[in-house]
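Take a look at the structure set out below.
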Amino acid sequence: MIGVGVFTLSLSACEVDSTDLPDVEDCENYDYKDCNTVQPFEAKMIISFSVSSKIKSVPFTVYKGYVDDNNIYFQDTAWDTNVEYLMPVDEYWSIMATYKIDGKTIKVIDGGSIKVHSANVCDSTCWSVKDLVLDAILK
């Protein structure tokens, strides 16, 4: 039995869309405090697990690409409900968590991309990256 989770991505405050771009006249006085001018090469991958008094730990595998590609990036064990890793950006990442409950093995799979975004604001480029949140919780 394989469960499939849902991933969500959170927006960074630095991401600028066309409605947030200043008028050309504002460029001399534009406040760049919300503009990250350094291109990010890593972002957080946050994975949630079902760790409890019944489930003490959950072994899992992180794949570069899809699980079916079998390109294992690393393996670890979660001892808490959430774990975080800094991961390279502009990649698709997948996870497979393995739960052993009452003599049964249940695998939970989820995946998603970490993408870098940029927007030109006046004479600068503002960069943003969305953290990848993966769900390996038993439903």
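Computed from the coordinates by the stated procedures, all read-outs in this text should not be read as laboratory data. Being a predicted model, the structure only gives us computed values, none of them experimental. Note that we place each Cβ from the backbone using ideal geometry, even for glycine, and neighbour counts take in every protein chain shown.
Annotations for the structure displayed:
- Full-extension gain in nm, Tyr30 to Lys54, via 0.36 nm per residue minus C-alpha separation: 3.2 nm
- With 23 Å as the limit, the listed pairs Lys107/Lys130; Lys64/Lys115; Lys33/Lys64; Lys54/Lys107; Lys54/Lys139 have Lys107/Lys130; Lys33/Lys64 beyond it between alpha carbons.
- Cα centroid separation, the range 42-74 to the range 100-139 (Å): 11
- Summing charges over neighbours of Ser57, with a neighbour being any other residue whose Cβ is under 12 Å away from its Cβ, gives +1 when K and R count +1 and D and E count -1.
- Sorted by Cβ neighbour density within 10 Å, fewest at the top, the residues Lys54, Lys44: Lys54, Lys44
- Using 0.36 nm per residue and subtracting the Cα-Cα separation, the extra length available between Tyr66 and Ser124 on full extension is 17.4 nm.
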